[in-house]
Amino acid sequence: MSRPNMPGLNRRDLLKVSVGGAAALWLSTSNFALADSTSIKAGWYGGQDTHDRMQKAIAQFTAKNPDIAVSVEFAPFAEFYDRLPVEYSGGTAPDMHRHSMTYLFDYVKRGLLADLSPFIGKSIDISALYPGVVEIGKDGDQVHAIGNNQIAVALFYNKAKVAAAGSLDNLTWDGFRDLAIKIGKAGGANSYGTNDGGGFFAFLELFVTQRGKSLYSGDNALGFEPKDLVDWLDYWESMRKDQGAPPPSVTAESAGFQNAPLVKGTAAMQVGWSQQIVFYQALMQDELDIHACPVPAGAADNGHLIRALDFWVVPEGSRNKEAAAKLVNFLLNDEGALATLGLSLGGPASDKAASVLAKTADVPSGKVLTYLADLRGHAPSATPRWISGHGELESTLNRLNASVGFGQATPQAAADSFFTEAKRILG
Amino acid sequence: MHPAKPNRLPATLLRHAILIALAILMSYPLLWMISSSFKPEHVIFSEPGLLPDPFTLTNYIAGWTKLGLPFAAFMLNSVIICVLCILGNLFSCTLAAYAFARLEFPFSKAAFAIMLLTIMLPFHVTVLPQYIMFQKLGAVNTIIPLVLPKFFAVDAFFVFLLVQFIRGIPRDLDQAAEIDGTNKYQTFWYIIFPLCRPALVIVAIFTFLWTWNDFFGQLIYLTQTQNYTASLALNLFIDATSGESAWGMLFAMSVVTLTPIFVLFVLFQRQLADGIATTGLKG
């Protein structure tokens, strides 16, 4: 019997195939890391509009600094923060990137961010920035992050609907509730005055600030009393009871700008971050306007804080901190870059940025700029930080506000459990 | 006289009506997405109806180029990765399975058990060490980390599947080949590999599906837009925090992305069913 005479694979051929295949793959990609001292990577999160504007601004930077090559990476917020920790551990984090206050202090705590103070006054000019923009990222003498925007909590409203029911002049908390209930009842069933703001942590911050307190005291404790939270939860329960605000079942389905009661026409007011009026307006026909939030009757201080919420940072592991610092400076101070970026990163961080933006702003953006400018006259320049654990506390408040709405907890019980959880989270 | 045949028609009609109604109910989300992809952005969430009115193709036309590159470029990236992964899995998993099923070598039982253990290990546990390794090799931001492992039989699930299948092939065939003078590799190449066809179809199709739909691995390893795959590109259309989401374009490009999978299922429906039946794969 003869050996089958077929062209077969023997051991050696197989080895060739596997090694050759792997090598071919390797070579075909031809992406070797260049140890070029003047190439940096910039990273940010946002939507497509932000991506377009940032890439344009970076092109402006490289046109003026031909010796620095900038590569970019970007993703939506959630995915950006999925990828970032992996990159930090692998040493491939961008040489400068956008960082949100929600996570900033976790990174500062672990020593992952470079101290930018050696560059300040040299490569990075902070003289034009508003007070607080740099201070909020400071840790003793070290500056780990420089704010690139300033934003504040605001009340957006449907002009026609609010005018039909009353006015927002000298808005107090009681007046806000009366107006919301009036609008809600006037619209019949399934109509409400405002969205349910009880779970919005920054709105609670405003409420306690008006009482002369703050969200946090020091690095691991809350700065307000259970009584304040009980009053807050009580207030929103009274809103929900009389159609001032939607029941929690409706609120649960209203996540995302496109589902907000304001956009769907089931409410006339919405509390949010100042620049969001632009997003809401884009989804609506009726004209929106912006107003400061309610204050206690006879209060001297309206409690509104205005501060940087997003930052530019440079990782400690970056090999080109100097070039990265130059890019940070360019994005903060160059008039061309400021005009290109517009409001995509948030409200302006300096008068210079504000005046550049005022020239190009559309109607809703103009309203944001005016609102922030007015607010800046009153707001304290010291801007309290959100400490590590803030994100978890925010979702806790949201959950407890909903359980009060569903009748599963009294405001008192909800406030108690918030303080118990806060101890664990901040501990 | 035969007794009159009972009239089955009403029962059949009823059964079909129920099945069709259920099918429509199940596919409603898909139909909704397809319908929304033809609606202008501002009516997507305010008009719940399935018939797009007004009807528009803007989402497809604008979405195709919205991300700076034509969407085909991202689809091509996905296809390249998928094809290489399929080749890798077909090549390496069958060889590994053949070794486990037919050859006796030291510690083969222990090695098999260890391999099964890796099925339990979630990707997120190994992602950091793996990332650091590929970073040291300078392979981050290339497709190597996504494709190369497939040539080393890392998909233990497929190895296991093929081992079970090969064990079902009568050893008589191997022995007959051996008598004809084949060595182990030739037995594999001429006897086992062709007989594994139903299982190989399953391996190929599932590798395609899992790679095409993968998100996390691609997100971690591919950071530059020109390397993005279809699933990463789709993700760029929505950002929950900034309100800059382009839902219409997202739905339009999702339909485009789903089309290859849909075609694949239609073409390979029979092999898929056969494969699932013969390999004992369920779920």
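The values are calculated or read from the model by the stated rules, or taken from the named source; none is laboratory data. All values derive from a computational prediction rather than experimental measurement. Please note: Cβ atoms are built from the backbone with ideal geometry, for glycine as well, and neighbour counts cover all protein chains shown.
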Residue list for region A:60-90, filter: in a loop (DSSP other than H, G, I, E, B), surrounded by fewer than 15 Cβ atoms within 10 Å (Cβ to Cβ) and in contact (Cβ under 8 Å) with a residue 12 or more places away in the chain:
A:ASP67
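Taking the criterion of being exposed (fewer than 15 other Cβ atoms within 10 Å of the Cβ), in the same structural domain as A:GLY47 (by TED's automatic domain parsing) and either at pLDDT below 90 or closer than 22 Å to B:LEU236 by Cα (or both), would at least one residue in region A:101-108 satisfy it?
Start the filter on region A:101-108 by keeping residues that are exposed (fewer than 15 other Cβ atoms within 10 Å of the Cβ), which leaves none.
No, the conditions are met nowhere in region A:101-108.
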Would you tally the residues in region B:110-136 being over 13 Å from B:PHE157 (Cα atoms) and loosely packed, with under 11 Cβ neighbours inside 10 Å?
3
Per the filter on region B:172-183, residues in a loop (DSSP other than H, G, I, E, B) and either buried (at least 18 other Cβ atoms within 10 Å of the Cβ) or not charged (D, E, K, R) (or both) are B:GLY181, B:THR182, B:ASN183
The listed residue being within 14 Å of chain A (Cβ to nearest Cβ), under 19 Å from B:ALA97 (Cβ atoms) and either exposed (fewer than 15 other Cβ atoms within 10 Å of the Cβ) or at pLDDT 85 or above (or both), out of B:ILE192, B:ILE169, B:ILE205:
B:ILE192
So A:ALA358 clears everything in (1) in a helix (DSSP H, G or I); (2) surrounded by fewer than 17 Cβ atoms within 10 Å (Cβ to Cβ); (3) touching a residue at least 60 places away in the same chain (Cβ under 8 Å); (4) among the small types (Gly, Ala, Ser) except one condition, right? Which one?
(3)
Given (1) in a loop (DSSP other than H, G, I, E, B); (2) within 14 Å of chain A (Cβ to nearest Cβ); (3) free of Cβ contacts under 8 Å to residues at least 24 places away in the same chain, identify the lone condition not met by B:VAL83.
(1)
Are any of the residues in region B:32-55 assigned to a helix (DSSP H, G or I) and acidic (Asp, Glu)?
yes
For B:ASP180, work out the one condition from (1) more than 11 Å from chain A (Cβ to nearest Cβ); (2) among the charged types (D, E, K, R); (3) more than 22 Å from B:LEU232 (Cβ to Cβ) it doesn't fulfil.
(1)
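Which of the residues that make up region B:92-146 are of a type in the set (S, T, N, Q) and outside any helix (DSSP H, G or I)? Working first, answer last.
To start, the set of residues in region B:92-146 that are of a type in the set (S, T, N, Q) comprises B:92, B:94, B:108, B:118, B:126, B:130, B:135, B:141-142.
B:ASN141, B:THR142, listed by residue number.
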Taking region B:215-249 only, how many residues are touching a residue at least 24 places away in the same chain (Cβ under 8 Å) and either buried (at least 21 other Cβ atoms within 10 Å of the Cβ) or not hydrophobic (A, V, I, L, M, F, W, C) (or both)?
21
Taking region A:343-355 and keeping residues at negative phi, buried (at least 21 other Cβ atoms within 10 Å of the Cβ) and not polar (S, T, N, Q) leaves A:LEU343, A:LEU345, A:GLY347, A:PRO348, A:ALA349, A:ALA353
Is at least one residue of region A:26-40 within 20 Å of A:VAL328 (Cβ to Cβ) and either at pLDDT 85 or above or surrounded by 19 or more Cβ atoms within 10 Å (Cβ to Cβ) (or both)?
yes
Among the hydrophobic types (A, V, I, L, M, F, W, C), surrounded by fewer than 14 Cβ atoms within 10 Å (Cβ to Cβ) and over 30 Å from B:ASP174 (Cβ atoms) - does that describe any residue in region B:38-52?
yes
Restricting to region A:121-168, name every residue that is farther than 19 Å from A:HIS378 by Cβ, assigned by TED's automatic domain parsing to the domain that holds A:ARG319 and surrounded by fewer than 18 Cβ atoms within 10 Å (Cβ to Cβ).
A:GLY121, A:LYS122, A:ASP125, A:SER127, A:ALA128, A:LYS138, A:ASP139, A:GLY140, A:ASP141, A:GLN142
I need every pair where a residue in region A:215-229 that is closer than 24 Å to A:ILE136 by Cβ has its Cβ under 6 Å from the Cβ of a residue that is not in a loop (DSSP other than H, G, I, E, B), sequence separation at least 6 or different chains.
A:LEU215/A:GLU205; A:ASN220/A:LEU426; A:LEU222/A:ALA422; A:GLY223/A:TYR216; A:PHE224/A:VAL208; A:ASP228/A:VAL208
Does region A:317-327 contain any residue that is under 19 Å from the mean Cα position of the chain (by Cα) and under 30 Å from A:LEU84 (Cβ atoms)?
no
Some residue of region B:154-165 being within 14 Å of another protein chain (Cβ to nearest Cβ), out of contact with any Leu (no Cβ under 7 Å at 6 or more places or on another chain) and not in a helix (DSSP H, G or I)
yes
Pick from region A:38-92 the residues that are closer than 28 Å to B:GLY217 by Cα and of a type in the set (Phe, Trp, Tyr): which of them is nearest to the other protein chains (Cβ to nearest Cβ)?
A:PHE77
1 or more residues of a type in the set (Lys, Arg) and farther than 22 Å from B:PHE134 by Cα: qualifying helices (runs of 4 or more DSSP H) within region B:184-261
B:197-213
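Residue-by-condition table, conditions (1) outside the structural domain of A:GLN412 (by TED's automatic domain parsing); (2) free of Cβ contacts under 8 Å to residues at least 12 places away in the same chain; (3) in contact with a helix residue (DSSP H, G or I) (Cβ under 9 Å, 6 or more places away or on another chain):
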{"position": "A:GLN258", "(1), (2), (3)": "no, no, yes"}
{"position": "A:GLY272", "(1), (2), (3)": "no, no, yes"}
{"position": "A:GLN276", "(1), (2), (3)": "no, no, yes"}
{"position": "A:HIS291", "(1), (2), (3)": "no, no, yes"}
{"position": "A:GLY298", "(1), (2), (3)": "no, yes, no"}
{"position": "A:ALA323", "(1), (2), (3)": "yes, no, no"}
{"position": "A:GLY336", "(1), (2), (3)": "yes, no, yes"}
{"position": "A:LEU345", "(1), (2), (3)": "yes, no, yes"}
Quick one: A:LEU233 ticks every box in (1) crowded, with 23+ Cβ neighbours inside 10 Å; (2) within 17 Å of A:ALA260 (Cα to Cα) except a single one, so which number is it?
(2)
Filtering region A:257-273 down to residues that are away from chain B (no Cβ under 13 Å) and under 14 Å from A:ILE183 (Cβ atoms) yields A:ALA267, A:ALA268, A:MET269
